[in-house]
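Peer 1: Below are the structure tokens for one structure; questions will follow.
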Amino acid sequence: MNFYSTNNPSEKVSLKEAVIKGLAPDQGLYMPEKIPVLQDSFFRDLPTLSFQEIGYTVITSLFGDDLTQDQIRDLVDHTLAFDAPLVKVYENIYSLELFHGPTLAFKDFGARFCSKLMSMLMDGEKRKVRVLVATSGDTGSAVANGFYKVPGVEVVILYPKGKVSQLQEMQFTTLGENISCIEVEGVFDDCQKMVKEAFLDTELNKEMLLTSANSINVARWIPQCLYYFYAYAQLAQKDKKLAISVPSGNFGNLGAGILAQQMGLPVDTFVAATNINKIVPDFLHGSPFAAKPSVSTISNSMDVGNPSNFSRLLALYGNDEILFKSKVKGFFFDDEDTARVMKSVRSETGYILDPHGAVGYLGLRNFMKMHPDEYVGIFLETAHPGKFKSVVDHVLGIDLDLPERLKAFMKGEKNVHSMVNDYALFKQFLREAKV
Ligand SMILES: *Cc1c(COP(=O)(O)O)cnc(C)c1O
């Protein structure tokens, strides 16, 4: 499979180049040059297939020319090492729980696939690849855990000192091995700037192979389509049209759902649900696309003012804005709406939503209200409520018990380098650190 850049469709690169580069040199996003459509027999057999079996077929259809069958099995088994159960919440409404991975958020799927694939593509190269990550919390934990002990790949994480939650910090600073962490005396933007400067430093790039693992990388984006197929496989009820609601920030997750749909998955409607960072819902309702500074909310992993996958969504619809607007329904909600629905769902069903899943559920419910009895709906539960314990406890008036996996991180030993906000020091660190 070759990939083209959304900024220049005639410029094509191999899978290896797309994954190692991350972003195209013209700043465009990489897209698969063709989207394979899976056979009817695959969809007929879906309910009998395991998550992994689904993964082998889907990934083979995409990367069968680039990887051996053994590599594909390895890659899928590593990625889908935990379940993504479909849980009934109300009549006709299901939660797809994507938080059963090591860091309890759906980003684990993309991070695990990306790390394993990078390692395979680097096999036989003398040099190791170094992944630089600036994080305000969530990305760091998913990437660190996904890349932990993966051969051929070193990870360097920069984060603003004292500005990520203790739990998030422990999720990446206690691992060691091939994961190094630097706390920077500054804010997230300072970390981001140091990483960008390193990518643009021609001298440094001659000495070492640097790459990024952010959410626009195809190796993080594509594997997210797998759980949409698995959700459909688990859905026993097929007497109505299917709507899937995706709580969104950078819109990689929703884009992967649309990819699954274009591979043949019979989803009737996608709902794009956001908090008040509502650039995409506004666009879907007729406003021009306009990036804005992000606003803080209780669903903070979706506080995005310039959704980085937007051009990918357009590309999936052949850059036909009218088609895109007819296929995807946009909704947005403020923190009050989100908190209110977390309370009502808990009191009506006992189900505890995290603030992101709550936004997804709200989008779905609003869409289904407009079409009574026509749809069965699935919303994506993108994080375990324990990951946002302070918000959940405050909204619901409870003391949520953290899952063992989260507690285990708190027992680890933190290992970090401290640095003032100075690129020269970061460069020196990269040169001196052993790889
Ligand atoms: C990253 C994240 C999102 C947003 O996903 P996108 O692919 O950026 O739209 C939603 N919920 C949680 C918990 C996240 O961590």
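The values are calculated or read from the model by the stated rules, or taken from the named source; none is laboratory data. Since we're looking at a predicted model, the values are computed, not measured. Cβ placement follows ideal geometry from the backbone for every residue including glycine, while neighbour counts extend to all protein chains displayed. Please note that ligands, DNA and RNA were not included when accessible areas were found on the heavy atoms of the full protein model with its side chains. Shrake-Rupley method; radii C 1.70, N 1.55, O 1.52, S 1.80 Å.
Peer 1: Tally up the residues in the stretch 21-66 that are under 24 Å from R312 (Cα atoms) and not in a helix (DSSP H, G or I), please.
Peer 2: Of the residues in that region, 20 qualify.
Peer 1: Determine whether A272 is away from the ligand (no atom under 16 Å from the Cβ), small (G, A, S) and in contact (Cβ under 8 Å) with a residue 24 or more places away in the chain.
Peer 2: no
Peer 1: Here's something else I'd like to know. Can we say D399 is modelled with pLDDT of 95 or more and part of a loop (DSSP other than H, G, I, E, B)?
Peer 2: Details: modelled with pLDDT of 95 or more: yes; part of a loop (DSSP other than H, G, I, E, B): yes.
When the stated conditions are applied, D399 passes them.
Peer 1: List, please: which pairs have Cβ atoms under 7 Å, are six or more places apart or on different chains, and start with a residue in the stretch 353-372 that is closer than 14 Å to R340 by Cα and end with one that is in a helix (DSSP H, G or I) and of a type in the set (D, E)?
Peer 2: Hits for this filter: L362/D337.
Peer 1: Can you tell me which residues in the stretch 134-156 are within 16 Å of the ligand (Cβ to nearest atom) and open to solvent by less than 10 Å² (accessible area, probe 1.4 Å)?
Peer 2: T135, G137, G140, S141, A142, V143, A144, G146
Peer 1: Still on this structure, please answer the following. Just a yes or no: is a residue in the stretch 104-119 more than 16 Å from the ligand (Cβ to nearest atom), open to solvent by 10 Å² or more (accessible area, probe 1.4 Å) and on the phi > 0 side of the Ramachandran plot?
Peer 2: Going residue by residue through the stretch 104-119, those that are more than 16 Å from the ligand (Cβ to nearest atom) are 115-119.
Those left that are additionally open to solvent by 10 Å² or more (accessible area, probe 1.4 Å): 116, 119.
In the following step, the residues that additionally are on the phi > 0 side of the Ramachandran plot were identified as none.
There is no residue in the stretch 104-119 that is more than 16 Å from the ligand (Cβ to nearest atom), open to solvent by 10 Å² or more (accessible area, probe 1.4 Å) and on the phi > 0 side of the Ramachandran plot.
Peer 1: Pairs needed: first member in the stretch 135-149, on the phi > 0 side of the Ramachandran plot; second member anywhere, within 12 Å of the ligand (Cβ to nearest atom) and open to solvent by less than 40 Å² (accessible area, probe 1.4 Å); C-beta distance under 8 Å; at least 6 residues apart or different chains.
Peer 2: Taking only residues 6 or more apart or on different chains, the pairs are G137/Q168.
Peer 1: Let me ask something additional. How about the stretch 215-240: which of its residues are over 20 Å from H78 (Cβ atoms) and open to solvent by 10 Å² or more (accessible area, probe 1.4 Å)?
Peer 2: The answer is I216, Y232, A233, Q234, A236, Q237, K238, D239, K240.
Peer 1: Moving to a separate point now. Can you pull out the residues in the stretch 333-357 that are open to solvent by 30 Å² or more (accessible area, probe 1.4 Å) and under 23 Å from the mean Cα position of the chain (by Cα)?
Peer 2: Across the stretch 333-357, the qualifying residues are D334, D335, I352.
Peer 1: Go through the stretch 276-305 residue by residue and tally those that are in contact with an Asp or Glu (Cβ under 7 Å, 6 or more places away or on another chain) and in contact (Cβ under 8 Å) with a residue 12 or more places away in the chain.
Peer 2: 7
Peer 1: Being small (G, A, S), more than 14 Å from the ligand (Cβ to nearest atom) and at pLDDT 95 or above: is that true of A231 here? It would help to see each step written out before you state the result.
Peer 2: On the way: small (G, A, S): yes; more than 14 Å from the ligand (Cβ to nearest atom): yes; at pLDDT 95 or above: yes.
So A231 passes the test.
Peer 1: Just a yes or no: is a residue in the stretch 176-184 in contact with a Lys or Arg (Cβ under 9 Å, 6 or more places away or on another chain), among the β-branched types (V, I, T) and over 27 Å from L402 (Cβ atoms)?
Peer 2: Looking through the stretch 176-184, at least one residue is in contact with a Lys or Arg (Cβ under 9 Å, 6 or more places away or on another chain), among the β-branched types (V, I, T) and over 27 Å from L402 (Cβ atoms).
Peer 1: Of (1) open to solvent by 20 Å² or more (accessible area, probe 1.4 Å); (2) within 15 Å of the ligand (Cβ to nearest atom); (3) more than 24 Å from A219 (Cα to Cα); (4) touching a residue at least 60 places away in the same chain (Cβ under 8 Å), S311 satisfies all except one. Which?
Peer 2: (3)
Peer 1: Related question: When V391 is evaluated against the numbered criteria (1) touching a strand residue (DSSP E or B) at 6+ places or on another chain (Cβ under 9 Å); (2) within 16 Å of the ligand (Cβ to nearest atom), which criterion, by number, is the only one it fails?
Peer 2: Looking at each condition in turn, V391 falls short on (1).
Peer 1: Scan G360, G330, G386 and give me the residue that is in a helix (DSSP H, G or I), touching a Leu at 6+ places or on another chain (Cβ under 6 Å) and surrounded by fewer than 24 Cβ atoms within 10 Å (Cβ to Cβ).
Peer 2: Matching residue, one of G360, G330, G386: G386.
Peer 1: Taking K206 and the conditions (1) out of contact with any Gly (no Cβ under 9 Å at 6 or more places or on another chain); (2) touching a residue at least 12 places away in the same chain (Cβ under 8 Å), which numbered condition does it fall short on, given that it satisfies the others?
Peer 2: (2)
Peer 1: Let me ask you something else. For the stretch 245-262, does any single residue satisfy the condition of being buried (at least 22 other Cβ atoms within 10 Å of the Cβ), within 13 Å of the ligand (Cβ to nearest atom) and farther than 18 Å from H356 by Cα?
Peer 2: Checked the stretch 245-262: at least one residue is buried (at least 22 other Cβ atoms within 10 Å of the Cβ), within 13 Å of the ligand (Cβ to nearest atom) and farther than 18 Å from H356 by Cα.
Peer 1: Which one is nearest to L242 (Cα to Cα), of the residues in the stretch 255-289 that are among the small types (G, A, S) and touching a Gly at 6+ places or on another chain (Cβ under 9 Å)?
Peer 2: A272
Peer 1: A further question on this structure: Based on what the data block shows, is P9 closer than 30 Å to R346 by Cβ and either open to solvent by 30 Å² or more (accessible area, probe 1.4 Å) or assigned to a helix (DSSP H, G or I) (or both)?
Peer 2: No, not satisfied.
Peer 1: Can you tell me which condition A243 does not meet? The list is (1) part of a loop (DSSP other than H, G, I, E, B); (2) out of contact with any Cys (no Cβ under 9 Å at 6 or more places or on another chain); (3) not hydroxyl-bearing (S, T, Y), and all the others hold.
Peer 2: Result: A243 passes all but (1).
Peer 1: Same structure, new question: I'd like to know if the stretch 295-307 contains one or more residues that are away from the ligand (no atom under 12 Å from the Cβ), in a loop (DSSP other than H, G, I, E, B), closer than 26 Å to H371 by Cβ and open to solvent by 10 Å² or more (accessible area, probe 1.4 Å).
Peer 2: no
Peer 1: Since G176 meets every condition but one in (1) within 16 Å of the ligand (Cβ to nearest atom); (2) open to solvent by 10 Å² or more (accessible area, probe 1.4 Å); (3) outside any helix (DSSP H, G or I), which condition does it not meet?
Peer 2: G176 satisfies every listed condition except (1).
Peer 1: So is A198 assigned to a helix (DSSP H, G or I), buried (at least 19 other Cβ atoms within 10 Å of the Cβ), more than 13 Å from the ligand (Cβ to nearest atom) and of a type in the set (G, A, S) or not?
Peer 2: Working: assigned to a helix (DSSP H, G or I): yes; buried (at least 19 other Cβ atoms within 10 Å of the Cβ): yes; more than 13 Å from the ligand (Cβ to nearest atom): yes; of a type in the set (G, A, S): yes.
Yes: the conditions hold for A198.
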